[in-house]
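One structure is given below, encoded as structure tokens.
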Amino acid sequence: MEEARIPLSFAQERFWYLDQLEPDNPAYNVPAAVRIEGPLNLEALRSALNAIVARHETLRSTFGFYEGQLRQTVSASGTVKVPVIDFGRLSERERESEIRRVVHAEVRCPFKISRDLMLRALLVRAAPDEHVLVLTMHHIAADGWSLGVLFRELSEAYAASCRGEPAGWCELPIRYGDFVKWQRDWLPENVFEPQLSYWKQRLSNLPDCQHVATDYPRPTQQSYVGALERIILPDPLVTSLSVLSQEEGASLFMTLLAAFQVLLGRYSGQDDVVVGTPIANRNRLEVDSLIGCFVNTLVLRADLSGPPTFRELLGRVREVALDAYDHQDLPFEKLVEALHLQRSLSRTPLFQSMFVLQNSPTQDFAHPQLKVTRYELDPGFAKFDLTILIEEKDGFEVALEYNTDLFESTMAKRMLGHYRTLLESAVKNPQKRISHLSILTDEERQKVVVEWNRTERPYPRMMVQQLFEAQVQRNPGAVALAFGAREWTYAELNRRANRIARELRRLGVGSQARVAIWAERSLEMVAGLLGILKAGAAYVPLDPLYPPERLEYVVKDAGAGIVLGPKHCKDKLQPGVTPLCLEALSRPAADKSSENLGVEGATPENIAYVMYTSGSTGSPKGVEIPHRGIVRLLFGVDFARFDDRQVFLQLAPVSFDASTFEIWGALLHGAKCVLFPGPVPAPLELGEVIRKHKVSTLWLTASFFNTIIEQAPEALSTVRQLLTGGEALSLPHMRRALELLPEVQLINAYGPTESTTFTSTYRIPRNLGPVSSIPIGRPIANTEVYILDRYLQPQPVGAPGELYIGGEGLARGYWNRPDLTQEKFIPHPFNPRRGALLYKSGDQARYLPDGNLEFMGRLDDQVKIRGFRIELGEIEAALRSHGTVRDAALVVGESEAGEKCLVAYVVPPQGPLAVKELRAFLMRKIPEYMVPSHFVFLEKFPLTSGGKVDRQALRSTKALEASAARTPVSARNNLERQLLELWERVLGIRPLGIRDNFFDLGGHSLLAIRLFLEIEKVFNRRLRTATLLSAPTVPPLESGLVMKSILAKEPEKLLMNAASPLTVPMVNTPKNFGCGVLSWMNDQLIIPLSESPSPPVKVKGSKLAPAGKMPATWGPAVKLVAPRE
């Protein structure tokens, strides 16, 4: 038998590419192990294994390029070594532990597919007559079916060897090379195009990924570390599933798959669920007895919309599966290549979950003198995020293989439990809609619906002004307010508020009326708030920074005929509104005008304030908050201390609901409220006020908190309880704060205006541990929180859903907007009490196992910027109202500093508009915090297949560039020119430019490998293939080559050819290497000076190395740049 070189099958090509992308990755090992009891003949075992290697050419194959072509080289012979590890002298306990350790290490040992034999054996001796045999093949040479062939032939050959005879096998009808030739010669002509056409149609508009929430952040490059959890399905359940399958004309595989797709839909919140499944692809009798890689992967897509009943879904799944079987000959690798998918190193293409029903013929090693049992393996790797493996062993076993870089074992156990519960529910009620099939056990449902919402606590059923008056009576001389050098006692504030209230009564203001107040921070402003409440009315705060049009809208919409404020505010009010001067009204008087008033018929259900927030329709909406909501926020709670020893700082705009906590948290408990004298302060200014007034309790938006922690964390050191929120907290900033502020209790506070400031809170522990985000905690007293899917079904722990809020903090609704109130405040599905409601927040969250909540973002276009709630639709409507704007779309971008910002995309009638003009126009209509930071002008918007604006494409500069005509950008130096020539040779396209995207031009995995081999030949430098996936243009490759050259300390040749000069910051590094490149740490690039957007940033603690240490030959090519702080 001579050595032969043959092409690879399409499946083998993909495994080879994966091996190049991630060398030494054991995830594609195919291992099996058996425990053997009895007199094992080791020589006969070796002989049998070598007979199998001689019989099957894939086991003797190695893989690599030969004369520029990817080939597998089939060796004439190969010898399997069977090393023996003896643990016979150890105690039984030690022995089993060591066996498991060694077996685990063996199955995780990677193959070198360019030189290794594709079958490996290890024998572990536990006793003279007890062994564990481990056999491992690589997937490029074998598949799951091959394991059955291997053990069957091993049994036959071992028995023959024990007799001193050769195995009596018939000659194989074909070799693996014959299959490869058939696949390459026949498939393209006869099947490829019609099958590809089917799959393209079937997989059109596929979701980018299945959004199953993970326990840990997804790594930028997919890892393959994994683990297994197992359950056994009860026999009666399996029988019922089989009966249901027969009734519906489906296979058991289809029924189990349908249930798994429903489960994924519940965990992801998606109706479009995509799962992969392997198929043996051995449609011809001749290949049944071959060891080789024949397996193909089918993509099975389920439509859960409707939602259908389980019977109806099973019908859909059956149809999809049968169609897929009819089109199974198209190799998965060719499908991925043909679809030109967006490539990502972080996840597998097309699907991230696999479903496997093990029905390949299996056979364990067997011999009359030996007792052989399967040795269970947990190889410790996972090829996909999640894989369900179902096999009939001692019962019907369901195993969940999961990626441990994404999921915890507790989540895998829960998911398996939910799968079983779902199967039980489906066979019991197949006529039920899948949205109402239970996945929660009764105990789980009781926990998430009832137990975690047992928050009832006693609190005063009184109105805000009544509670304030109780504090006046208790301690009238205590300081209530401080503003600069001025202070008012509780008695003084009460007298002034009473006078304002009487004047409002005199003007006809009564119960439930709305009175606007100019929310400019002052002592008189707080007296105005109290005076409005004492008059029985509700206050409507007007932010002085609002543009005139918005002020006019709020006053008119609220029906506020009176505006309280300073003298100068009347100049900004429209005609027909009565301005009342707060300074004059709140002056003390000796008459009865300063005595308390009663409000006849008033209850805590009366409206205390109407606060306007951004509205998606283009106009702000007024949220009606009752007295009950404010009182429930501040009494009977344990998230913070409320007593007369506290000093609160009032820093938030009064038109922002955090002011409810700041003002009334102090005044209803006899504490002191310090009004910050001015706009948003610099961190050091804030620190001065905190120290001067001994502020103990403080609320900060997350973005302002981050700024202070970065610039002057000591400003917060004397605060005792610091609440922050308004948007997701930054984990690095919080860790730094915990380190620098040891005496401060940090609290994450979450809640929409509709739930009176705070819904849930989380007291952040000193030791955060390895968390990926900071929870928003548990509901505060007398507040309920539910995580529900779109059908109002409770989601299990770990699965995302919409956050619904109930309890005593709920707003009454939206002023003058019954339609929106009905849409957002829905009947309570878990509380039979008449009138009980839940608020549909639009926030996505999930329960963590300990009952805390994790915020996961928005389900709509609402965003939070610097703590302000913004509806993108309101800004888009404002832009479209400009006479020269044809269309507008908003997205949230990120500034260079990593902060969220608004980016407006505008379609003008012709040519760009003046940004200055647009900005000024918006400033007249919306608050400053809603004005976009950036404006981008486009001829038209990219659209999705459904005709909607493709916001993902808007966010991506690459997507926008790709839509334009390609104009090649010339090489700027010899090195780029050489690289371009290689690109043109590999891609077969001329001319190319340095900004062209390799994959957009038809590049694929095999071509990428070929390109990198060409680069290695020319430059004698090896780059990681992943470099091209993350940055598929010429400049990053040039920079990568330069960096490799510098690291090899042989830079002269490449540096002379590189863009001249290169910006290379010099830092202290090990003695034998006097130069380091800081920018490489940031983005793995060395940017030519002409391309550098800004001077390099100095890494803290680094120092400039003396220029004299730079090799003299680098001088012409390298420009030293002093780093800046």
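Within the set Gln270, Gln328, Gln246, the sole residue that is outside the structural domain of Ser61 (by TED's automatic domain parsing), under 30 Å from Trp186 (Cα atoms) and either out of contact with any strand residue (DSSP E or B) (no Cβ under 9 Å at 6 or more places or on another chain) or of a type outside the set (D, E, K, R) (or both) turns out to be Gln328.
Residues in segment 70-95 that are surrounded by 14 or more Cβ atoms within 10 Å (Cβ to Cβ) and either in contact with a His (Cβ under 8 Å, 6 or more places away or on another chain) or not polar (S, T, N, Q) (or both): Leu70, Arg71, Val74, Gly78, Val80, Val82, Ile85, Phe87, Leu90, Arg95. Here Gly809 meets the list (1) over 30 Å from Glu739 (Cβ atoms); (2) buried (at least 19 other Cβ atoms within 10 Å of the Cβ); (3) touching a Phe, Trp or Tyr at 6+ places or on another chain (Cβ under 7 Å) almost entirely, failing just condition (3).
Against the list (1) assigned to a helix (DSSP H, G or I); (2) within 30 Å of Leu313 (Cβ to Cβ), the condition Ala250 fails is (1).
Kindly provide the set of residues from segment 42-80 that are of a type in the set (Lys, Arg) and touching a helix residue (DSSP H, G or I) at 6+ places or on another chain (Cβ under 8 Å), ordered by number.
In the first step, residues of segment 42-80 are kept if they are of a type in the set (Lys, Arg); the result is 46, 55, 60, 71.
Within segment 42-80, Arg55, Arg60 qualify.
Checked against (1) out of contact with any Lys or Arg (no Cβ under 6 Å at 6 or more places or on another chain); (2) more than 20 Å from Pro927 (Cβ to Cβ), Val647 meets all criteria but (1).
Being closer than 25 Å to Val637 by Cα, of a type in the set (Phe, Trp, Tyr), touching a Phe, Trp or Tyr at 6+ places or on another chain (Cβ under 9 Å) and modelled with pLDDT of 95 or more is a condition met by at least one residue of segment 833-848. When each of Leu18, Leu90, Leu49, Leu45 is tested for being modelled with pLDDT under 95 and either among the polar types (S, T, N, Q) or under 22 Å from Asp129 (Cα atoms) (or both), the lone residue that passes is Leu90.
Residues are listed down the side, and each one gets a yes or a no for (1) closer than 16 Å to Leu203 by Cβ; (2) without any contact (Cβ under 8 Å) to a residue 24 or more places away in the chain; (3) among the aromatic types (Phe, Trp, Tyr):
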{"site": "Val273", "(1), (2), (3)": "yes, no, no"}
{"site": "Arg284", "(1), (2), (3)": "no, yes, no"}
{"site": "Pro308", "(1), (2), (3)": "no, no, no"}
{"site": "Arg311", "(1), (2), (3)": "no, no, no"}
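Taking the criterion of being modelled with pLDDT of 95 or more, basic (Lys, Arg), assigned to a helix (DSSP H, G or I) and farther than 14 Å from Ala482 by Cβ, would at least one residue in segment 637-650 satisfy it? Within segment 637-650 (the criterion being modelled with pLDDT of 95 or more, basic (Lys, Arg), assigned to a helix (DSSP H, G or I) and farther than 14 Å from Ala482 by Cβ), the answer is no, since none of the residues qualifies. The set of residues from segment 401-421 being under 26 Å from the mean Cα position of the chain (by Cα) and under 15 Å from Arg266 (Cβ atoms) comprises Met411, Arg414, Met415, Leu416, Gly417, His418, Tyr419.
Of all the helices (runs of 4 or more DSSP H) wholly in segment 518-628, which have at least 2 residues that are out of contact with any Phe, Trp or Tyr (no Cβ under 7 Å at 6 or more places or on another chain) and more than 30 Å from Val479 (Cα to Cα)?
Fully inside segment 518-628 and qualifying: 548-558.
Test Gly665 against the stated conditions and say whether it is within 24 Å of Tyr750 (Cα to Cα) and either outside any loop (DSSP other than H, G, I, E, B) or in the same structural domain as Leu467 (by TED's automatic domain parsing) (or both).
Numbers: within 24 Å of Tyr750 (Cα to Cα): yes; either outside any loop (DSSP other than H, G, I, E, B) or in the same structural domain as Leu467 (by TED's automatic domain parsing) (or both): yes.
Yes.
Being among the acidic types (Asp, Glu), surrounded by 14 or more Cβ atoms within 10 Å (Cβ to Cβ) and within 24 Å of Gln844 (Cα to Cα) is the filter here, so list the residues in segment 200-256 that pass it. Walk me through how you get there before you give the answer.
Taking segment 200-256 and keeping what is among the acidic types (Asp, Glu), we get 208, 215, 229, 235, 247-248.
Remaining after also requiring surrounded by 14 or more Cβ atoms within 10 Å (Cβ to Cβ): 215, 229, 248.
The one that is among the acidic types (Asp, Glu), surrounded by 14 or more Cβ atoms within 10 Å (Cβ to Cβ) and within 24 Å of Gln844 (Cα to Cα): Asp215.
Within segment 542-568, if we keep just the residues that are more than 22 Å from Ala608 (Cβ to Cβ) and in contact with a strand residue (DSSP E or B) (Cβ under 7 Å, 6 or more places away or on another chain), the residue that is modelled with the lowest pLDDT turns out to be Lys567.
Consider segment 928-980 and keep the residues that are among the small types (Gly, Ala, Ser) and assigned to a helix (DSSP H, G or I). The one that is modelled with the highest pLDDT is Ala953.
Of the listed requirements (1) part of a loop (DSSP other than H, G, I, E, B); (2) under 23 Å from the mean Cα position of the chain (by Cα), Leu330 misses just one: (2). Residues in segment 393-403 that are at pLDDT below 95 and over 18 Å from Phe253 (Cα atoms): Asp394 alone.
Among the candidates Val515, Val554, Val599, Val563, which residue alone is of a type outside the set (S, T, N, Q), within 16 Å of Arg505 (Cβ to Cβ) and surrounded by 21 or more Cβ atoms within 10 Å (Cβ to Cβ)? Let's see the steps before the verdict.
On the way: Val554 fails: within 16 Å of Arg505 (Cβ to Cβ); Val599 fails: surrounded by 21 or more Cβ atoms within 10 Å (Cβ to Cβ); Val563 fails: within 16 Å of Arg505 (Cβ to Cβ).
Within the list Val515, Val554, Val599, Val563, the selection yields Val515.
Among the candidates Arg812, Arg790, the residue that is farther than 30 Å from Asp557 by Cα and not aliphatic (A, V, I, L, M) is uniquely Arg790.
With respect to the conditions (1) in contact (Cβ under 8 Å) with a residue 60 or more places away in the chain; (2) in a helix (DSSP H, G or I), Gln431 falls short on a single one, namely (2).
Restricting to segment 373-397, give me the number of residues that are surrounded by 18 or more Cβ atoms within 10 Å (Cβ to Cβ) and assigned to a strand (DSSP E or B). Residues meeting the conditions: 6.
Of the residues screened, Val134 is one that is closer than 21 Å to Glu37 by Cα and touching a Lys or Arg at 6+ places or on another chain (Cβ under 9 Å). Here Gln465 fits the description: farther than 30 Å from Tyr267 by Cα and part of a helix (DSSP H, G or I). Scanning segment 121-164 for residues that are more than 17 Å from Pro368 (Cβ to Cβ), surrounded by fewer than 21 Cβ atoms within 10 Å (Cβ to Cβ) and charged (D, E, K, R) returns Arg125, Glu130.
Can we say Val180 is farther than 30 Å from Leu377 by Cα, of a type in the set (A, V, I, L, M) and in contact (Cβ under 8 Å) with a residue 60 or more places away in the chain? Full working, then the answer.
Details: farther than 30 Å from Leu377 by Cα: yes; of a type in the set (A, V, I, L, M): yes; in contact (Cβ under 8 Å) with a residue 60 or more places away in the chain: yes.
Considered against the rule, which asks whether it is farther than 30 Å from Leu377 by Cα, of a type in the set (A, V, I, L, M) and in contact (Cβ under 8 Å) with a residue 60 or more places away in the chain, Val180 comes out as yes.
Among the residues of segment 588-601, which ones are at negative phi and at pLDDT 75 or above? The answer is Glu595, Asn596, Leu597, Gly598, Val599, Glu600. Within segment 61-79, being more than 17 Å from Tyr17 (Cβ to Cβ) and in a loop (DSSP other than H, G, I, E, B) holds for Glu67, Ser75, Ala76, Ser77, Gly78, Thr79. Within segment 803-816, identify whether any single residue is in a strand (DSSP E or B), touching a strand residue (DSSP E or B) at 6+ places or on another chain (Cβ under 6 Å) and within 19 Å of Ser773 (Cβ to Cβ), and answer yes or no. Taking every residue of segment 803-816 in turn, at least one turns out to be in a strand (DSSP E or B), touching a strand residue (DSSP E or B) at 6+ places or on another chain (Cβ under 6 Å) and within 19 Å of Ser773 (Cβ to Cβ). Within segment 281-295, the only residue that satisfies the criterion of being under 15 Å from Glu13 (Cβ atoms) and surrounded by fewer than 20 Cβ atoms within 10 Å (Cβ to Cβ) is Val295.
The values are calculated or read from the model by the stated rules, or taken from the named source; none is laboratory data. Here the structure is a predicted model, which is why all the values come from computation and not from measurement. Every residue, glycine among them, receives a Cβ derived from its backbone with ideal geometry; neighbour counts consider all protein chains shown.
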